[in-house]
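The values are calculated or read from the model by the stated rules, or taken from the named source; none is laboratory data. Not measured: the values here are computed from a predicted model. Don't worry about glycine lacking a Cβ; one is built from the backbone with ideal geometry, like all the others, and counts go over all protein chains shown. Remember, those area values only see protein heavy atoms, side chains included, never the ligands or the DNA or RNA. Shrake-Rupley method; radii C 1.70, N 1.55, O 1.52, S 1.80 Å.
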Amino acid sequence: MANNSYSGVKNSTSTANHDGDFGCSLKDLRSLMELRGAEAIGKIRESYGDVQGLCTRLKTSPVDGLSGQPADIDKRKEVFGQNLIPPKKPKTFLQLVWEALQDVTLIILEVAAIVSLGLSFYRPPDAEREHCGSAAGGVEDDGEAEAGWIEGAAILLSVVCVVLVTAFNDWSKEKQFRGLQSRIEQEQKFAVVRGGQVIQIPVAEIVVGDVAQIKYGDLLPSDGILIQGNDLKIDESSLTGESDHVKKTLDRDPMLLSGTHVMEGSGKMLVTAVGENSQTGIIFALLGASEDDEDDEEEKEAKKKEKKEKKEKRNAVDVQRSVRKRSQTEQDGAAENRKKAKAADGAAMEMQPLNSDEVDTEEKRKSNLKEKKEKSVLQGKLTKLAVQIGKAGLVMSAITVIILVVLFVVDTFWVQGLPWHKDCTPIYVQFFVKFFIIGVTVLVVAVPEGLPLAVTISLAYSVKKMMKDNNLVRHLDACETMGNATAICSDKTGTLTMNRMTVVQAYVADKHYRNVPEPQLLPAAIMDILVLGISVNSAYTTNIMSPEKEGGLPRQVGNKTECALLGFANDLKRDYQAVRNEIPEEKLYKVYTFNSCRKSMSTVLKNADGSFRMFSKGASEILLKKCSKLLTASGETKVFRPRDREDMVKKVIEPMASEGLRTICLAYRDFPVSEGEPDWDQENDILTSLTCVCVVGIEDPVRPEVPDAIKKCQRAGITVRMVTGDNINTARAIATKCGILQPGDEFLCMEGKEFNRRIRNEKGEIEQERIDKIWPKLRVLARSSPTDKHTLVKGIIDSTVLEQRQVVAVTGDGTNDGPALKKADVGFAMGIAGTDVAKEASDIILTDDNFSSIVKAVMWGRNVYDSISKFLQFQLTVNVVAVIVAFTGACITQDSPLKAVQMLWVNLIMDTFASLALATEPPTESLLLRKPYGRNKPLISRTMMKNILGHGVYQLIIIFTLLFVGEQIFDIDSGRYAPLHSPPSEHYTIIFNTFVLLQLFNEINARKIHGERNVFDGIFNNLIFCSIVFGTFIIQIVIVQWGGKPFSCVGLSIDQWLWCTFLGFSSLLWGQLISSIPTKSLRFLKSAGHGTQRQEIPDEELEDMEDMEEIDHAERELRRGQILWFRGLNRIQTQIRVVNAFRSSLSPYEGLEKPESRSSIHNFMTHPEFRIEDLEPSIPLIDDTDAEDDAPTKRNSASPRNATPTPPSPSLEPTPSPNQNNNAVESGNNHLYVEGNKAAGTPSAPGSPLHSLETSL
């Protein structure tokens, strides 16, 4: 067949003139990649003969890959495209300006300013002027009257300033995001073979014809066809929605698609489509096209229609929906504080399978809801606070306007008794406009639009700085969540240790060597088997390279445990590379790759006589159970009984483990010709009766900086737990070296098996109460499976034993850590050792894999929280004072002491500049001296409330003193009761100047929020802060001295300036006085700014929010009313449905959908749907006894699936048993009972039948 294929190639090349003289065109390859399975194999055979033939046409070699000549690579890029999917265009600066202009308060101001402008040009005849009342008649100078337009123009100008600043901030934020995204993309490299050498190249550099090496944990960067594979299984759920892993072999299904994850095995693939021509690219192109073509109008119509249908649907849903929704809320678990702002991830677009008509809309609705971006905890709290302040401001401004209008009308038409003259109308209207403008400025100052800005600036600044501390933040809010972390579950290998493995002890030929034995001490026969086994039974990508620097340590590439064994072979003076050259990867007969269920790896070789030999390596206590013989010094084998095994564990393995060594057993097994070829799929029969060759102890030293970092964490109130796959003795030894365990502590160390036994009830279901008994004392979990890690994390997050809800950070590097990383509040993936799957599931990537970088993340996180609190303390003081001054001033003197333009300047100082100055404070070590805040801590503590009220009262006293007796103190003309368009007065200029200076000095006070005395501490470390304070001061001088009419200011003399500055400075002294008053004595102070927990949002409301991009807490506040009566109706319907359901004899769980269908629509390209069932061993190898948790994503005690102890059948419809309903209700009710008193725990899902029954009862 091969010969034919080659002749075919020659003919086709001569006949068809293909693109750039390659043997096949882009179109051929695209159509080939759309086929699957048998069809694809048929097409390859028909068109190319075999994969080898396709390689020849693409001018590449399956062994040596491409030549790597730049000209060839460029040509391939030109013909077949680059491996890039062009990102969506960023918004232009003008679009951002337009968006900033949409702000309601700004629009009101613009309208008012334009009206004021228009009216200022109207001049009534002088003769009529007297009839219009005393207020209008005070204009002596024509020049002054002509300057009336200035105020309107100045307001417009300041609006322009505000808009430009906002747009610029958004623009720079967007730019930073793009930078972050491209940085993440550049970090992603992939192994390809070029010129016979395996090299790592950036994903964007991969071209058609490359031969890529794929291994466990990779995210495939392009489409390709398998050339050679070992036990390869792919998770294609991101493209197809099928959660089962697909086995890839040359003869059944060789097609590999971009965006899918390698869950097991390894192999080589020929790249056939990249970038926009790969399957992912094609779908992206479709998405992009559909976005651009759609008209806004059509979109709106569709939305209206959809809403209508949705309402009708909602009324017609039956009890199954409620049950389903129940399991859904449980699945979402404590997602309340993770909005995973996936918008930032370029790849995260919501994706539906292309034949989405078949997917029922119910499913779609659910997956959309599930992917709903929740604002982060901090943003939630802030938005809620901002809405409350804004409402208060609105009320105040309305009252101000009404009082001003009433006073004016009463004074003019009542007291002066004037009739309404037609000619005076424009003058009166001008007054009303002026009052309106005053009202709006009160509103502008009251609405703290700087809050969201402060969060963004603070987070963006922190993220940028965290890059330098080796934290690559993928989701902005993760950085803030990290500040509240109370627990860290860390991996051992590579995070706490250096991940540089070396064999330091060995038990071989019946003898325990404390150091690596000299080669002459070992019998030649044993040496040969040992070195052959080590060389062949490891990934061929793992290598030991020569050191980069003279005299340095050899470089370890690939899996570190395998590197240690290869190093052991080198220490025995044997060359593993020579063995590999003799037996290349293609000659390996069968490979069972390492995974978390097997805990071992095996490779089968076929001998010349037709017999087989299998080499195995793996965790010693697991592999020794499968050994029945032992290789002795003479090269013979002797029987290895369980009793011998126990001896070996006691005398060899435990002593090694207690020194912190990881023990690995190396073994082999022969399959003689006489028995014929075994059935390789029966893994249980294959992996038994092995012959043990040796046991080695591998050391992985603790990183020198880790013990100190862990001490800092413990001092900061964060518990560090170690979760590892190593055995318990090794784990305990390392934990003691790190300081996780101190001698004499009463903390628990346990194995995964024991942990599983303790947390499950008789039916094998996990119970939260049982976990609660264990986790507070647990410090080390050894020999744990990924499921155990996930269960532990979920158990800690859902627990309510301690009054403070736990916030858990998790580190992980393997594909199997995915579920735990996603479940955790903050997931840290390893940048160096981490697989792509782990990085996809994480929030922060540690670029140096080092635990001490996590401590830096905690510091930055706490700093963000504190920065926001500092800004709030400052902002609220200004708000309170400015609003009260404008309000009372307007009511008493019929004019606001602070003019509109001045207010806008104050607004600019306190919003934009202050948020920059206070949000960019660098973190200090002292942040690690306090306990974490936890989820429910209010934003404004009582100490802050004391500062806000204290400074507010002080500033009001000063301003009002100046307003009412200022003219006497300074011996100047009074500025009160000035007529329309009168020139600015010294009196009001002094008030304005003092007000601004008070704020400036108070900004320094705001740097400390925990009642510290030294407010200048570290002030020069923050250049931004210093430059903003000085900058504002200089601009203030310019405004006052030369601002003139637009700013309603008059130049002041030196001593007036000194007085103003002294009054401003006095707020620092007053601050010292305030911090002397103990907060405890002020019982009446309340804290404010508690967040909305996601659980407080009922399901119905969540559904109504579907059209929104984010759950906006402000929207929620405003929409409460409408929703209440919807909910009432819904409740009644649900109750009726429940009664009917309980009447009917059918199982209410008929028609529960299969788990596959639930994951059918995916957040495209990002996280594979981690269903832990897939990670379950189909072969009970390790824990044969434990019924593993079937899906830790659901709380078992309550989910109807597990209510009956019958094992879940494929369709997941438990057999209807007479007691079935009762069972579900019992477990459910008892679940509700337990949960009833949880403040922030997962509530019984509103909308579930039990919830409604409970409420109606």
The ratio Rg/Rh over the Cα atoms of the stretch 883-984, Rh being the Kirkwood inverse mean 1/r radius, stands at 1.12
Over the stretch 391-487, relative contact order from alpha-carbon pairs under 8 Å, at least 6 apart, %: 30
Over 10 Å intervals from 0, what percent of Cα-Cα pairs in the stretch 379-450 sits in each interval? 19, 36, 23, 14, 7, 1
Scaled by the rule-of-thumb 2.2 N^0.38 Å, the alpha carbon Rg for the stretch 771-818 gives a ratio of 1.18
What accessible surface, in Å², does a 1.4 Å probe find on residue 753, ignoring ligands, DNA and RNA and rounding to the nearest 10? 80
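Nearest 0.05, what FRET efficiency do residue 832 and residue 969 give at R0 = 60 Å with Cβ-Cβ as r?
Details: r = 68 Å, r/R0 = 1.14.
So, using R0 = 60 Å, E works out to roughly 0.30.
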For the stretch 671-780, what's the relative contact order in percent, using C-alpha pairs closer than 8 Å and at least 6 residues apart? 23
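In this model, which of 468/599; 391/946; 233/773; 27/75; 599/629 are farther than 28 Å apart at the alpha-carbon?
Values: 468/599 37 Å; 391/946 23 Å; 233/773 38 Å; 27/75 17 Å; 599/629 20 Å.
Check vs 28 Å cut-off fails for 468/599; 233/773.
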May I ask you to order 711-717, 527-533, 651-657 by the average number of other C-beta atoms within 10 Å around their residues, highest value first? 527-533, 651-657, 711-717
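My understanding is that a pair violates if its Cα-Cα distance is over 27 Å; which of 91/464; 173/381; 59/839; 590/789 do that in this structure?
On the way: 91/464 21 Å; 173/381 21 Å; 59/839 34 Å; 590/789 31 Å.
Too far apart for the 27 Å limit: 59/839; 590/789.
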Relative contact order of the stretch 996-1056: what whole-number percent is it, with Cα pairs under 8 angstrom and at least 6 residues apart? 20
Note down the nm distance, to one decimal, between modelled labels 7 Å out along Cα→Cβ at residue 892 and at residue 174. 4.8
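Can you tell me how the stretch 415-454 classifies by the Cα gyration tensor, rounded, prolate or oblate, using a/c under 1.5 as the rounded cut?
Working: a/c = 9.11, a/b = 3.68, b/c = 2.47.
Since a/c reaches 1.5 and a/b is larger than b/c, the shape of the stretch 415-454 is classed as prolate.
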Compute from the Cα atoms of the stretch 504-607 the Rg and the Dmax, the latter being the longest Cα-Cα distance, and quote both in angstrom. 14.5, 42
Carbon and sulfur %, accessible surface of the stretch 646-712 computed with the full protein complex present, 1.4 Å: 46
Over 25 Å, how big is the tail of the calculated P(r) for the stretch 145-275, in percent of all Cα pairs? 46
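What order do you get for 783-791, 544-552 when each peptide is scored by the mean count of other beta carbon atoms within 10 Å, highest first? Provide the component values of the computation, followed by the final result.
On the way: 783-791: 26.0, 544-552: 9.0.
With the highest mean Cβ count within 10 Å placed first, the list reads 783-791, 544-552.
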Which whole-number value in Å³ per residue fits the convex hull of the alpha carbons of the stretch 469-515? 139
What do you get for Rg/Rh over the stretch 424-506 if you use C-alpha atoms and the Kirkwood form of Rh? 1.49
In nm, what is the difference between 0.36 nm times the number of residues separating residue 644 and residue 99 and their Cα-Cα distance? 188.6 nm
To one decimal place, what orientation-averaged projected area in nm² is obtained for the convex hull of the Cα set of the stretch 693-828? 10.0
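Per-residue counts of other Cβ atoms within 10 Å, averaged by peptide: what ranking do you get for 473-479, 31-37, 89-95, highest first?
Working: 473-479: 25.1, 31-37: 15.7, 89-95: 11.7.
Going from most to least packed, we get 473-479, 31-37, 89-95.
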